[in-house]
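Remarks on the structure that follows.
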Amino acid sequence: MLRPVSATSTGAMSSSDNKPAQTLADLGITQTDQVVSLFAEVRARFDSQASRPLDLPNWEILRQSWIGRKSGALTLITENWLNPASPDLKRSVGQELNKLKAHLEATLEERKLDIESLVDQGASIRERVDLSLPGVIRPIGSHHLIRQVFQEIEDIFFSIGFSVVEGPEIETPYYNFEALNIPEFHPVRDDMDTFYLELPKGAPTPLLLRTHTSPMQIRTMEKQKPPVRVIVPGKVYRRDNPDATHSFAFHQIEGLAVDTDITFCDFTGTIEYFVKQFFGPSVKTRFRPSYFPFTEPSVEFDVSCPFCGGTGTSAGGGTCSKCKGAAWIELFGAGMVDPAVYGFVNYDAKKVSGFAFGIGIDRLAMLKYGIDDIQVFFQNDVRFLRQFP
Ligand code: DAH
């Protein structure tokens, strides 16, 4: 009687790879019919592996494992089943082996063509993509209003020959105060209470978050001989409690122009040009005496209220809510550079003169765009930000 033989159930081939493990004699195969069904099992095993979805790398693994020259299943069947076969069985094993080989090669070739044609199809689908279809829109956002106002002001000053420099937000007291003619214990320091960094003992100098952009006046003049014409946009810090008009971080643009022949007229003319460019040609400017240790004389620049046309009265006849009826709005501090400052940077105070100004950007942005709470600049609520695309 024919014994049922299974290449897998008999252990004729190992279950993890396709290697015939034993000789026919070991498997107890003595008759031609058994040889035929053994090969049928092997073939079925191959067919099941070849019918799985394959990509090229997996196809190559399959090929190696069946017809690879060194250790593919065919080679090992030849070595383990054919070569040691008894003379009675040799002929049928040889025939079955040849049939199996033909089947493996044909099927592998077929599968390879299938895979290649799928790859080609993918490519031709890609070629057929309609480029005129609208793409996926990814919102890219926009500049923060503060950045936009910086840009607006920078452009105005570019147009009259200023260039931009930037400097560190962490400063030494020398640049933030002393070299700006603000010695220790000067009362002005009280208005500029700031954040000091915690440093290791023995650090050569204390460090603080700059309270204004004015230190860059010093750093610029240290590096550069006159003529100097720069503006310095940047972030500054003070120990203020947050409310509608105060924030511990805010923004300024410093301005500095120094040359051998700069007069008070150049100063007021420049500021007036800037203010009219920024608020419109119909505004008027005025200055009032003020005090800053690094300018002499020092002034406070005002602009006629751009909202009520400098009348102090709103369109409805009531008090203008922007200037509170004053008709003028205080803009920023400025002045002619104090000769004492030149002493810190090796400029000859007898030969050079110049002016400086410090514009609070948040304040200007609030004024121009009708914003009544400085905190919205820092909260980054997109419902606010989207209003300034
Ligand atoms: N640094 C001053 C401040 O933050 C502003 C200022 C006033 C700057 C007058 C100047 C200036 O350059 O000339 O309060």
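Key figures for this structure:
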| item | result |
| --- | --- |
| The chain: calculated mean residue ellipticity at 222 nm from DSSP helix runs of at least 4, using -39500 (n - 2.57) | -11500 deg cm²/dmol |
| Heavy atoms of D240 accessible to a 1.4 Å probe, total area in Å² rounded to 10 | 60 Å² |
| D261, D47, ranked by accessible area, largest first (probe 1.4 Å) | D261, D47 |
| Computed lengthening from R128 to F384, 0.36 nm per intervening residue step minus Cα-Cα distance | 87.9 nm |
| List V36, V188, V93, ordered by accessible area with a 1.4 Å probe, largest first | V36, V188, V93 |
| Greater than 20 Å apart at Cα, pairs in K276/K324; K284/K368; K19/K101; K225/K351 | K276/K324 |
| Alpha carbon Rg of the stretch 145-385, scaled by the compact-globule rule 2.2 N^0.38 Å | 1.04 |
| Accessible area of R229 in the full protein assembly, 1.4 Å probe (Å², nearest 10) | 100 Å² |
| Surface accessible to a 1.4 Å probe, C320 within the full protein complex, Å² | 10 Å² |
| Crossing angle, helix 56-67 versus the chain [Cα axis fit, 0-90 degrees, rounded to tens] | 20 degrees |
| Accessible surface, 1.4 Å probe, highest first, among residues K90, K351 | K351, K90 |
| Accessible area expressed per residue, the stretch 145-385, with surrounding protein chains retained (probe 1.4 Å, Å²) | 48 Å² |
| Residue-span extension gain [V188 to A244] - 0.36 nm each, minus C-alpha spacing | 17.8 nm |
| Heavy-atom accessible surface of the chain: percent carbon and sulfur, 1.4 Å | 54 percent |
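The values are calculated or read from the model by the stated rules, or taken from the named source; none is laboratory data. Owing to the predicted nature of the structure, the values given are computational and were not obtained by experimental measurement. To get the accessible areas, we keep the full protein, side chains included, count just its heavy atoms, and leave off ligands, DNA and RNA. Shrake-Rupley method; radii C 1.70, N 1.55, O 1.52, S 1.80 Å.
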